[in-house]
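Student: Take a look at this one; I'll ask things after.
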Amino acid sequence: MTFSLMPLPFAKDALAPHMSEQTLDFHHGKHHKTYVDTLNKLIEGTPYEKAGLENIIKESHKNQDQTKIFNNAGQVWNHNFFWNCLSPKGGKPDSTVVQQIDKAFGNLSDFKTEFKKAATEQFGSGWAWLVLDEQGKLKITKTGNAENPLVQGQKALLTCDVWEHAYYLDYQNRRADMVQVFLDNLINWEFVAQNMDQTQARSAA
Ligand code: MN
């Protein structure tokens, strides 16, 4: 399968001033695009040519000689997921999401504190996540580089990209400021709610 760059699910200037058009130009148009192009080159002529993205991620993760494929496939998936986590209408989650967050973390404010801690303590490049863990509990995690919950048997519900390329143009070295703005203004809570719903539907089936 040849992969293509997922279009942004919002206008490129829609997240300003929290995330500028210039940041999205580079982050989506150059960084994300390079992961897609590199992945397509790496899988050419291999059995992965016919595989779906999630299968490529899971399989290449098991093989130490396929780190390049894993890194690029992981980064394609992580960015697709990240763009869906962002919305110009970010702000407050609806009551069903709030209930789940309260149950797992106490309240929304404590959730934000814990998420921000994971995002700022991730040393170097990586991602902060809200996941459903192997026991079906909401949990905050962080991963390095292209690693993601798919290879840990967890379901991703929300992520924040904490690679420097995600914030350097708008926030320079102030990762914590970017994460706070993400939590307060940019989260697509409807997408988080959909991910939670799918999970409930699956466990009820
Ligand atoms: Mn990125």
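Every read-out reported here was derived from the displayed coordinates using simple, explicitly stated rules and does not represent laboratory data. This structure is a prediction, so every number in the text was calculated from the model and none was measured. Because the Cβ atoms are built from the backbone with ideal geometry, glycine has one as well, and the counts that use them run over all protein chains shown.
Student: Work through the residues other than L24 whose Cβ is under 13 Å from its Cβ and net out their charges, Lys, Arg +1 and Asp, Glu -1. Can you show the working numbers first?
Tutor: Working: positive: K12, K30, K33; negative: D13, E21, D25, D161, D170.
Local net charge: -2.
Student: Counting Lys +1, Arg +1, Asp -1, Glu -1, what net charge surrounds F105 among other residues with beta carbon under 14 Å of its beta carbon?
Tutor: Details: positive: K103, K112, K116, K117, K137, K139; negative: D102, D110, E114, D133.
After counting each charged neighbour, the total is +2.
Student: Cross-link candidates for K33: which lysines have Cα within less than 22 Å, leaving aside residues fewer than 8 places away along the same chain?
Tutor: K12, K41, K50, K58, K68
Student: Which longest run of the chain has no exposed loop site in it, a site being GluC sites (Glu not before Pro) in a DSSP loop with at most 15 other beta carbons within 10 Å, and the site itself not part of the run?
Tutor: Values: sites that count: E44, E134.
By the stated rule (loop sites, at most 15 other Cβ atoms within 10 Å), 45-133.
Student: Give the calculated FRET efficiency between T2 and T67 to the nearest 0.05, with a Förster radius of 22 Å applied to their Cβ-Cβ distance. Working shown, then result.
Tutor: Details: r = 21 Å, r/R0 = 0.97.
Using R0 = 22 Å, I get an efficiency of 0.55.
Student: Please list 3J(HN,Hα) in residue order for the range 184-194, calculated via the Karplus relation 6.51 cos²θ - 1.76 cosθ + 1.60 where θ = phi - 60°; whole Hz, with x for glycine and proline.
Tutor: Once θ is set to phi - 60°, the couplings for the range 184-194 become 8, 10, 10, 6, 7, 5, 5, 5, 4, 4, 4 Hz.
Student: Using 0.36 nm per residue of separation minus the Cα-Cα distance, give me the extension gain between D25 and A176 in nm, one decimal. Working shown, then result.
Tutor: On the way: separation 151, 0.36 × 151 = 54.36 nm, distance 2.19 nm.
Separation in residues times 0.36 nm, less the Cα-Cα distance, equals 52.2 nm.
Student: Please identify every one of the chymotrypsin sites (Phe, Trp or Tyr not before Pro) in the range 69-173 that sits in a loop by DSSP and has no more than 12 other beta carbons within 10 Å of its own beta carbon.
Tutor: Within the range 69-173, the qualifying chymotrypsin sites (Phe, Trp or Tyr not before Pro) (loop, at most 12 other Cβ atoms within 10 Å) are F123.
Student: Where does the charge balance sit around N185 when Lys and Arg score +1, Asp and Glu -1, over other residues with C-beta under 14 Å from its C-beta? Let's see the in-between values first.
Tutor: Working: positive: K89, K92, K112, K116; negative: D170, D177, D184.
Result for the local shell: +1.
Student: If you average the alpha carbon positions of the range 40-73 and of the range 135-188, how far apart do those two centres end up, in angstrom?
Tutor: Using only Cα atoms to place each centre, the spacing works out to 23 Å.
Student: Mind checking which lysines have their C-alpha under 16 Å from K142, skipping anything on the same chain fewer than 8 residues away?
Tutor: By straight Cα distance, K142 reaches K112, K116, K117, K155.
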